[in-house]
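Taking it in order: structure first as structure tokens, then the write-up.
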Amino acid sequence: MYFNFSTFWATNRWQQRSFLRAWWRLYAGDRRWAPPVYPALARMINSSPLYARLDAQPLYMEAMPRRASGGGFTPNAPLTASVVFEEPVAAAILQIDRRRQDGAAYLGLMRCANDEETGEQLLQKAFERAAELGCSRLIGPTGVLPNWQPGALLNHFNRTPPGQTPYNPPYLGELLDSLMQPWLETVLLEAPVSGTPVSAPGASAPEEPAQMEQVSLSRLAGDLLPLLAQAIALDDAFPPPDELEAQALLGWLAQPLAPQAWLASVAGAPAGLLLLQPDLAPLLQKTGGGRRWLGRGYLALRKRAPVPAGRLLVGAVAPAWRGRGIGRQLWRHALHCAQIAGWQTLTAGPVLADSAAARFLAVNGAEVRQRYRTSAILNLKFGHRSEDFLGQ
């Protein structure tokens, strides 16, 4: 569908702006896409200390489309007499966490046109650069941070994705399956907010062993960092977040509206954690992520307005306190907060498929909705994917 590919690595502020424009344009016409907050994404790419440590390298590709006389895309069709310009066809951010010891790099925020050759071109360029930097395998797509909401969406493409979840057109999952090895699957669960109200925040009862208190987000990058690491852990492929990564993640989650952090403690010892946030995806759609000044102003004006759905971004029980009813208390507290906020539904995760967290949520009335898959590749022999990756 495309020819004459051009590859651009964004190494300065001007090129980073070009990357953002290309990355944004790839999904701009998709009515289901809920964009991130544009200024926050620009800051992350341009000036984040974490991105500097990850040696983050934005990559985008442009190509000439082959257009048939009817205006549609047809492989190997001759060009029409009309003027045809290069257009963005792929974008991603190569990230390397030097704390890893297995030579893996991440492919963050990956986007690609519906064309296998374009996907091959993107992976080849990213893999070649990763190899130059001492890496031998590639994991993706990941999110704005390597360990935050990785994966390509596999179903429910007719729905607006909840806030802080991956989104892509239907073809991307199939494209990745043809080029990479499926590796990690996560699921998003949804529960109705109904039933008998639970005890008020801060109250304790014999069946609720922990004391609930709202805490500042800054503590999650400080004394509560081990609990946050437990809450967002997915796989050993993602090293536990340190203070710098936690600060970057919490800064990202705070846009456009900071989540509420709730701590469950027993005799002063941290036992569990909740992170709740209204689902502002429809508002981000309406305002275009605040990319333009008018949308940015409307986003700031309406971000605290009531919404029909909420997000349980993370929830975890400290290992020493598992099996003592802390998880059930956290879930009841999340539903209580959702009732107060007027949410009709609460989406939780994504969490690992077939994990203890997924089973717990299912037992407590949540149903699996969206599914996501992260893939990996060990060499550049497309069409002959390495089958021994999962065993290493």
Worksheet, complete the sentence: Sorted by chain and then number, the residues having a modelled amide H within less than 5 Å of the amide H of residue 168, at least 5 places away or on another chain, are 153
Worksheet item: Which sequence of 218, 178 reflects their accessible areas, 1.4 Å probe, from the largest down?
Response: 218, 178
Worksheet item: Over the heavy atoms of residue 11, what accessible area does a 1.4 Å probe trace out, to the nearest 10 Å²?
Response: 100 Å²
Discussion item. Sorting check: for 142-149, 337-344, which peptide has the highest mean count of neighbouring beta carbons within 10 Å, and how do the rest follow?
Written reply: 142-149, 337-344
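Which percent, nearest 5, of DSSP beta bridges in segment 269-370 are antiparallel?
Roughly 65 percent of the beta bridges in segment 269-370 run antiparallel, per DSSP.
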Response to the item:
For residue 180, other-chain or 5+-apart residues with amide H closer than 5 Å (H placed, Pro excluded) are none
Worksheet item: segment 331-361 to segment 1-40: how many Å between their Cα centroids?
Response: 33 Å
Item to complete: Please report, as a whole percent, how much of the solvent-accessible surface of the chain comes from carbon and sulfur atoms (probe radius 1.4 Å).
Response: 52 percent
Worksheet item: Averaged per residue, what accessible area in Å² does segment 1-51 show with a 1.4 Å probe, protein chains only?
Response: 50 Å²
Practice prompt. Report the local net charge at residue 365: Lys and Arg +1, Asp and Glu -1, summed over other residues whose C-beta lies under 15 Å from its C-beta.
Written response: +2
Worksheet item: What number comes out for the charge environment of residue 61, summing +1 per Lys or Arg and -1 per Asp or Glu over other residues with Cβ under 12 Å away?
Response: -4
Worksheet item: What percent do you get for the relative contact order of the chain when only Cα pairs under 8 Å and 6+ apart count?
Response: 21 percent
Worksheet entry | Span-rule helices in the chain, defined as complete DSSP H runs reaching 27 Å or more along the axis (Cα) with Kyte mean at least 1.6 | none
Practice prompt. Order 293, 321, most accessible first, counting only protein heavy atoms with a 1.4 angstrom probe.
Written response: 293, 321
Worksheet, complete the sentence: Packing-ranked peptide list from 243-250, 2-9, highest mean Cβ count within 10 angstrom first, is 243-250, 2-9
Worksheet item: Out of the DSSP beta bridges found with both residues in the chain, what percent are antiparallel (nearest 5)?
Response: 90 percent
Worksheet item: With every protein chain left in place, what is the accessible area per residue of segment 276-330 in square angstrom, probe 1.4 Å?
Response: 54 Å²
Worksheet entry | Solvent exposure, largest accessible area first (probe 1.4 Å, DNA, RNA and ligands not counted), of 286, 125 | 286, 125
Worksheet item: HN-Hα J couplings of segment 94-109 from phi, Karplus 6.51/-1.76/1.60, θ = phi - 60°, integer Hz, Gly and Pro as x?
Response: 7, 10, 10, 9, 5, 6, 6, 10, 10, x, 9, 10, 10, 10, x, 6
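The values are calculated or read from the model by the stated rules, or taken from the named source; none is laboratory data. It should be emphasised that the depicted structure is a prediction, and the values quoted were computed from it without experimental measurement. All Cβ positions, glycine included, derive from the backbone under ideal geometry; neighbour counts span all protein chains shown. Calculation scope for accessible area: heavy atoms of the full protein, side chains included, ligands and nucleic acids excluded. Shrake-Rupley method; radii C 1.70, N 1.55, O 1.52, S 1.80 Å.
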